[in-house]
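One structure is given below, encoded as structure tokens.
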């Protein structure tokens, strides 16, 4: 078999059979609406927009990439709505698009903070271009397990709960309750396996002084049949504009992060993952780029000292 086939199978099975996880995000604290439909900002008249691009395992041919776009806004003091679009691509062979609408209902607990309940609903579109793989060189033979392309679309739902005060948050969610998993088993046959992924997130903002804030956070992911994935991070925010952070993903990577408030409405970010797993010998790491923009239709937020987006 040619190298592309071996690399594809190795990469695909490593992604699904070892991790059994949804797409990994290092800057999850600014990407919360994708994993938890209950996440809210509560700023009337402001549309929170964002985009994230992640290229995984740079240096490995056919390595995964992921792009997501998200937007949400409150329509009154209790209801917030939004949408998320996620595109996953493995070697231009396996592609999946997820398009979902989000709905959150928020309870104002006054001095006790805010509690939100969220639902998401949408569809996943999966495509595997297996016939484009050249399995044999010169023999004319074709593996029957790769003789047909795979195209599927599935309805899906998700749910979550999110609690926050001004300086901390905690959330629990299952973004894809009927999640579809596609993989090649050890016998070389395609299989489809449903897996629900459970997310637990939390973070706190410590005021060190008038200029510096410390922002520790965590994200734990669990799915039946795989080890728990745990991210631990600590970011330092300077003057509500420049943010630097480091993190550790259990048995997988150490990470560095930076983001900057270009204007009160626009923030850009970058994260780098240094791989600690066995793929370290083949990959130089992973890169992640983030863009956040708050579209303020009433021009209510004109300064960095007003409603900073801590999480």
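All of the numbers you see were taken from the coordinates with simple rules; none came from a lab. Values in this document were obtained by computation on a predicted structure and should not be read as measured data. As a convention, Cβ positions derive from the backbone with ideal geometry for all residues, glycine included, and neighbour counts pool all protein chains shown.
How far apart, in nanometres, would the label points at residue 81 and residue 167 be if each is projected 7 angstrom from Cα along the Cα-to-Cβ direction?
3.6 nm
Tell me, 110, 243, 77 in order of fewest to most beta-carbon neighbours within 10 Å?
Working: 110 7, 243 20, 77 10.
With the fewest neighbours first, 110, 243, 77 line up as 110, 77, 243.
For a protection proxy built on the mean count of beta-carbon atoms within 10 angstrom, sort 111-119, 46-54 highest first, please.
Details: 111-119: 15.7, 46-54: 19.7.
Ranked from most to least packed, the peptides come out as 46-54, 111-119.
Quick check: residue separation of residue 209 and residue 99 times 0.36 nm, minus the Cα distance between them. What number comes out in nm?
Values: separation 110, 0.36 × 110 = 39.60 nm, distance 4.18 nm.
Full-extension gain reported as 35.4 nm.
Under 11 Å from a point 7 Å along the Cα-to-Cβ line of residue 260: which residues of region 199-218 have their amide N that close?
Those under the cut-off are none; the list is empty.
Label points 7 Å out from Cα along the Cβ direction at residue 157 and residue 111: separation in nm?
Between residue 157 and residue 111, the simple spin-label model gives 3.9 nm.
Along its principal axes, what span do the Cα atoms of region 202-259 show, with the longest given first and each in whole Å?
That works out to 46, 18, 13 Å along the principal axes.
Dimensions of region 12-113 along principal axes (Cα, Å, largest first)?
51, 24, 19
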